[in-house]
1. State all residues of the stretch 132-147 that are open to solvent by 30 Å² or more (accessible area, probe 1.4 Å) and either within 22 Å of D424 (Cα to Cα) or in contact with a Ser or Thr (Cβ under 9 Å, 6 or more places away or on another chain) (or both); if no residue qualifies, say none.
2. I need the full set of residues from the stretch 326-363 which are out of contact with any Gly (no Cβ under 8 Å at 6 or more places or on another chain) and within 16 Å of the ligand (Cβ to nearest atom), in order please.
3. What number of residues within the stretch 236-273 are surrounded by 20 or more Cβ atoms within 10 Å (Cβ to Cβ), away from the ligand (no atom under 15 Å from the Cβ) and within 30 Å of L143 (Cβ to Cβ)?
4. Take E323 and tell me if it is closer than 30 Å to T14 by Cβ, among the acidic types (D, E), surrounded by fewer than 19 Cβ atoms within 10 Å (Cβ to Cβ) and within 16 Å of the ligand (Cβ to nearest atom).
5. Could you check W339 against (1) under 19 Å from L7 (Cβ atoms); (2) over 22 Å from the mean Cα position of the chain (by Cα); (3) without any contact (Cβ under 8 Å) to a residue 60 or more places away in the chain and say which number it fails?
6. If you check T10 against the conditions, is it in a loop (DSSP other than H, G, I, E, B), surrounded by 13 or more Cβ atoms within 10 Å (Cβ to Cβ) and not aromatic (F, W, Y)?
7. Of all residues in the stretch 364-383 being within 15 Å of the ligand (Cβ to nearest atom) and in a strand (DSSP E or B), which is nearest to I166 (Cα to Cα)?
8. Keeping to the stretch 218-235, report how many residues are closer than 17 Å to Q139 by Cβ and outside any strand (DSSP E or B).
Amino acid sequence: MVFTPLLASTACGTIELRSIAEPIRYGRPHLSFQRGKAQTIFPDDKIVRVRAERPLGGDVPGAVFDHGADLPEPPESVELDIDYDALIIAVGARNNTFNIEGVATHAQFLKELSDARAIRRTIIRNFETASFAATTAEQRASLLSFVVVGGGPTGVEFAAELHDFIEEDLAPQYPNLAGYSSIKIIEGRSLLGAFEQGLRDYCKQRFSRQNIGVVQANVAKVEKNVLTLSDGAKVPFGLCVWSTGIAPRRLVSERLGKESFRTDEWGHLVVDGCLRVERPNSPLSEVDTAHVRAPEVVPGVFAIGDCTAVEGERLAATAQVAEQQGAYLAQQMNLNPSWAVGESTAASPSPFRYRHQGSLAYVGGFTGVSDFTQVNSNAFKGKTVRGFASFVVWRSAYLTKLGSWRNRLQVPIDWFRTFFWGRDTSLF
Ligand SMILES: Cc1cc2nc3c(=O)[nH]c(=O)nc-3n(C[C@H](O)[C@H](O)[C@H](O)COP(=O)(O)OP(=O)(O)OC[C@H]3O[C@@H](n4cnc5c(N)ncnc54)[C@H](O)[C@@H]3O)c2cc1C
């Protein structure tokens, strides 16, 4: 499990990768875990078909399975049919490329720990290559041109963290490269579009002071080390981080949606107010004459998080929503196991209610923006906070949300280390 709100910090070395990761198996003796990819679901037989793959290779040659001819290697994968009483689909989403040519091949996503590791290595490697004696001035500028596509909270936070990394650590260590590096953020609409206007303006001001260029444009094509904007302008880059939002996984939109469950026009699983998955083309019941939809649900199958669309509500694809949905479902299932397994006689609980706790973003140089204008319940209700105060709110909020005490201790140690000794810039 990864704590994604701090992923941009790990991509720039403010926090170490392992400080925001937690193995699912760790400290959960009641849980049985099977690593594998769900292939399809047979709701009538209450079975999930999973392909379990064994980890291949190893860092040390021959270290995994090299015990001689008498002890053959296990197969690379096996198919398992896992039966269930109640099933919760929480497969998340994939990166959205909007089918723009070249994105998947030449841009770098920021969604998984492996992405953060690749980004961090690329930043350091590009600085090292730029300082190589035979690199020309033009090549230096291209290698150190960092482009972020997408001005939502992830893109903004990454640009801000990268600015801190370059200013505080890389620039002093590579004085010969002064003036070559640049950060641009490309966004078709407005930076932090879901935030209150004053906070958006503050972010723009901060970026302008930090020399982070903001280009209002759409990207038409990405090629190796250069992208083309829709007006034909070319932007060279040494690293392009693509952060333009998410799309449903093909397992959901193309397989489950067609076979067993109802999906919306984008391909999310449609769930009712109690997060039960609906049948495809579920026939309208009598109450629909009064324009109230009472769809048919699939017994014992629920869905939460980024892969879902709650009927009649527009919820953002955020960890806040996914976490609250998970907690709601766990509570209702424990209270009413016969409802959980889909018994028709079981009474339904009251529907899930989302409570927004605020939107936060780090904007660099120990400043942030916090939007509580849509919040009804906490001490900041209806307010906005910006600057250093928001940075403190941002760090404190994420610290309390980290999943384990080990990480809650590890992350402040990383912050402390970065503050006093800087980020690690070794290339390995
Ligand atoms: C960089 C970044 C920063 C973010 N910052 C914030 C933030 O500050 N605040 C906030 O609220 N939200 C934030 N989010 C969004 C948040 O991470 C997601 O909304 C949240 O993780 C969704 O949870 P989920 O359980 O639906 O999906 P995920 O967390 O994506 O989990 C889905 C899991 O399902 C697994 N899976 C996929 N397909 C299969 C399959 N076929 N079989 C088995 N397993 C499968 C995946 O490997 C994954 O582990 C951020 C996201 C990113 C990428």
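1. Here is the first cut: in the stretch 132-147, the residues open to solvent by 30 Å² or more (accessible area, probe 1.4 Å) are 132-134, 136-143.
Answer for the stretch 132-147, where residues must be open to solvent by 30 Å² or more (accessible area, probe 1.4 Å) and either within 22 Å of D424 (Cα to Cα) or in contact with a Ser or Thr (Cβ under 9 Å, 6 or more places away or on another chain) (or both): F132, Q139, R140, A141, L143.
2. Within the stretch 326-363, the first condition is being out of contact with any Gly (no Cβ under 8 Å at 6 or more places or on another chain), and the residues that meet it are 327-339, 343-350, 353-359, 363.
Residues satisfying the conditions are A327, Y328, L329, A330, Y354, R355, H356, Q357, G358, S359, V363.
3. Residues flagged as surrounded by 20 or more Cβ atoms within 10 Å (Cβ to Cβ), away from the ligand (no atom under 15 Å from the Cβ) and within 30 Å of L143 (Cβ to Cβ) within the stretch 236-273 amount to 4.
4. Working: closer than 30 Å to T14 by Cβ: yes; among the acidic types (D, E): yes; surrounded by fewer than 19 Cβ atoms within 10 Å (Cβ to Cβ): yes; within 16 Å of the ligand (Cβ to nearest atom): yes.
Spelling it out, E323 is indeed closer than 30 Å to T14 by Cβ, among the acidic types (D, E), surrounded by fewer than 19 Cβ atoms within 10 Å (Cβ to Cβ) and within 16 Å of the ligand (Cβ to nearest atom).
5. Unmet condition: (1).
6. Details: in a loop (DSSP other than H, G, I, E, B): no; surrounded by 13 or more Cβ atoms within 10 Å (Cβ to Cβ): yes; not aromatic (F, W, Y): yes.
Taking the combined requirement at face value, the residue does not satisfy it.
7. G368
8. Looking only at the stretch 218-235, we keep the residues that are closer than 17 Å to Q139 by Cβ, and these are 223-226, 234-235.
If we keep only those that are outside any strand (DSSP E or B) too, we end up with 224-225.
Number of matching residues: 2.
The values are calculated or read from the model by the stated rules, or taken from the named source; none is laboratory data. Not measured: the values here are computed from a predicted model. With ideal geometry, Cβ positions are generated from the backbone for all residues, glycine too; neighbour counts draw on all protein chains shown. Surface areas here come from the heavy atoms of the whole protein model, side chains and all, with no ligands, DNA or RNA. Shrake-Rupley method; radii C 1.70, N 1.55, O 1.52, S 1.80 Å.
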